[in-house]
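Participant: Here it is, the structure in full.
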Amino acid sequence: MADDPVKKHRKSVAKASGKGRLKAARKKLKRNLNRNPPRRKGWVDQDPDALDELAHGGVERFMPRDEGDRRRAVERAAFEMDQNSAAAESAFQVSTEAGLVVATGVGSCRVEINGCTVDCSLRGRLTAADTEYSNVVAVGDRVLLSEEGDGTGVVEEVLPRRTALSRPESFNSLRQRVVVANADQILIVSSWRGPKIWLEMIDRYVIAAIRGGLDPLVCVNKIDLVEDDAELQLTMQPYYELGYQVLLTSAASGTGVDELRNALAGKTTVLAGMSGTGKSSLLNAVQPGLNLRTQEISMDRGRTEGRHTTVGVAMYPLDVGGAIIDTPGIREIGVRGVHKNELSDLFPEMAALVPGCRFHDCSHGDEPDCEVLKALGNGILARSRYDSYRAIRATLPP
């Protein structure tokens, strides 16, 4: 009688299962017979892909017979190439010289080096993209340049600046343009009359000097037009008390010109101030033959003010040593980046009073127990300086 189909199926499954167990046992026995030898002392566990075939001869047998020689030749060639590059770089550095930027243009500048003036372009890799400034070089910068065969040069590097006088860009208030670099002091020229002295403008230039690391030098020109000497002294008293050097001059009469010349000797000085204050005439009096351009005062729209004469930043060496840097008439010096509650730090006489105010965020306007207002009421703080503070603060962000 034929086997029952069910029993037949069970026998087949049992047979297959037995074969599987037998196969697994044989495989395990085979692994035990081929056990790995014990690790040698000093063995370094390392990724085979990271092995240096040139340093481990035993690995070379897995490469073609001449592969090791080929790789060693490539390594020698690369080493020689590095040496040649280093020699070329060293030779380049020897030919690179330091010069002084005396004028700037779009993508170019004029550099004074070894008593000569060289027109230079800027190396393409030089950029101001990652800085807060919009220009790469400014008058007064020290730069490294390489000379071209046609007598021109290429600026390779701009050396770090000691000081910088900057102003906001007219087309982008978020960035600043360096007007002058590495100057020692700023000569702030204002006229007593014609145009009338503008103390807020002087204070803005003083702030710009403090922020840029320059020493402020306050000059009141056209004192031949002063009718009350006591009024002049009272007006300038706050600057005397702050320790700033104050010069009283007249380009027309020659008053104070010698004192000004001594103050400029051996220093790099930025000339700043409103147009019409007599800056160019004053410099021509300090050094005859400098021949800076001057222009008559305009009476347009019933207002007395100067026409702009200087059209670009220019540096002029002085016979007494140092140099003067003439800037275009700038009607407004910005204090970009300064917030309202930080402005008092830029008025030294106020900064000493602020810690005594009741409120840490005191605006020194109408708050109670304000030490600045108390000093103003007692005559300790000059009204003119306080008025400048309030006028400038109104233009700043919170």
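Results for (1) touching a Phe, Trp or Tyr at 6+ places or on another chain (Cβ under 6 Å); (2) under 30 Å from ARG261 (Cα atoms); (3) in contact (Cβ under 8 Å) with a residue 12 or more places away in the chain, shown as yes or no for each residue.
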position: LEU100; (1), (2), (3): no, yes, yes
position: VAL106; (1), (2), (3): no, no, no
position: ARG123; (1), (2), (3): no, no, yes
position: SER134; (1), (2), (3): no, no, yes
position: GLU156; (1), (2), (3): no, no, yes
position: ARG162; (1), (2), (3): no, yes, yes
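Participant: Now for a separate question. In this structure, is ARG301 at pLDDT below 95 and either outside any loop (DSSP other than H, G, I, E, B) or of a type in the set (Lys, Arg) (or both)? Full working, then the answer.
Facilitator: On the way: at pLDDT below 95: yes; either outside any loop (DSSP other than H, G, I, E, B) or of a type in the set (Lys, Arg) (or both): yes.
Yes, satisfied.
Conditions (1) out of contact with any Ser or Thr (no Cβ under 9 Å at 6 or more places or on another chain); (2) part of a helix (DSSP H, G or I), marked per residue:
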| site | (1), (2) |
| --- | --- |
| VAL338 | yes, no |
| ASN341 | no, yes |
| ASP345 | yes, yes |
| GLU349 | yes, yes |
| PRO355 | yes, yes |
| GLU367 | yes, no |
| LEU376 | yes, yes |
| SER388 | yes, yes |
| LEU396 | yes, no |
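Participant: Related question: Condition first: part of a strand (DSSP E or B) and either of a type in the set (S, T, N, Q) or more than 21 Å from ILE325 (Cβ to Cβ) (or both). Now tell me which residues in the range 116-143 satisfy that. So that I can check it myself, show each step before the final result.
Facilitator: Pass one, the range 116-143, residues part of a strand (DSSP E or B): 116-122, 133, 139, 142-143.
THR117, SER121 - these are the residues of the range 116-143 that are part of a strand (DSSP E or B) and either of a type in the set (S, T, N, Q) or more than 21 Å from ILE325 (Cβ to Cβ) (or both).
Participant: Within the range 347-394, track down each residue that is on the phi > 0 side of the Ramachandran plot and in contact with a helix residue (DSSP H, G or I) (Cβ under 6 Å, 6 or more places away or on another chain). Write out each step before concluding.
Facilitator: First pass over the range 347-394, keeping only residues on the phi > 0 side of the Ramachandran plot: 364, 369, 379.
Scanning the range 347-394 gives a single hit, HIS364.
Participant: Then there's this: Looking at the range 243-257 only, could you name the residues that are of a type outside the set (Gly, Ala, Ser) and either under 35 Å from the mean Cα position of the chain (by Cα) or assigned to a strand (DSSP E or B) (or both)?
Facilitator: Answer for the range 243-257, where residues must be of a type outside the set (Gly, Ala, Ser) and either under 35 Å from the mean Cα position of the chain (by Cα) or assigned to a strand (DSSP E or B) (or both): TYR244, GLN245, VAL246, LEU247, LEU248, THR249, VAL257.
Participant: Just to be sure I understand the filter: pairs with C-beta atoms under 6 Å, separated by 6 or more residues or on different chains, first member in the range 336-350 and surrounded by fewer than 18 Cβ atoms within 10 Å (Cβ to Cβ), second member of a type in the set (D, E, K, R). Which pairs pass?
Facilitator: Once the first residue is surrounded by fewer than 18 Cβ atoms within 10 Å (Cβ to Cβ) and sits in the range 336-350, its partners that are of a type in the set (D, E, K, R) give LYS340/ARG393; ASN341/ASP361.
Participant: Failed condition for LYS196, given (1) more than 24 Å from the chain's Cα centre (by Cα); (2) farther than 23 Å from PRO317 by Cα; (3) among the charged types (D, E, K, R); (4) in a helix (DSSP H, G or I), with all others met?
Facilitator: That leaves (4) as the condition not met.
Participant: Of the residues that sit in the range 161-202 and are at pLDDT 85 or above and hydroxyl-bearing (Ser, Thr, Tyr), which one is farthest from PRO397 (Cα to Cα)?
Facilitator: SER191
Participant: Then there is this: Of all residues being at pLDDT below 95 and in a loop (DSSP other than H, G, I, E, B) in the range 258-286, which is nearest to ASP203 (Cα to Cα)? Just the residue, please.
Facilitator: Here the residue is GLY273.
Participant: Need pairs with beta-carbon distance below 8 Å; first residue over 10 Å from ALA382 (Cβ atoms) and within the range 226-244, second hydrophobic (A, V, I, L, M, F, W, C) and in a helix (DSSP H, G or I); sequence gap 6+ or separate chains.
Facilitator: Final answer for the pair search is VAL226/LEU232; LEU232/ILE223; TYR244/VAL206.
The values are calculated or read from the model by the stated rules, or taken from the named source; none is laboratory data. Since the structure is predicted, the reported quantities are computational estimates derived from the model, not experimental observations. Neighbour counts run over all protein chains shown; Cβ positions are idealised from the backbone, glycine included.
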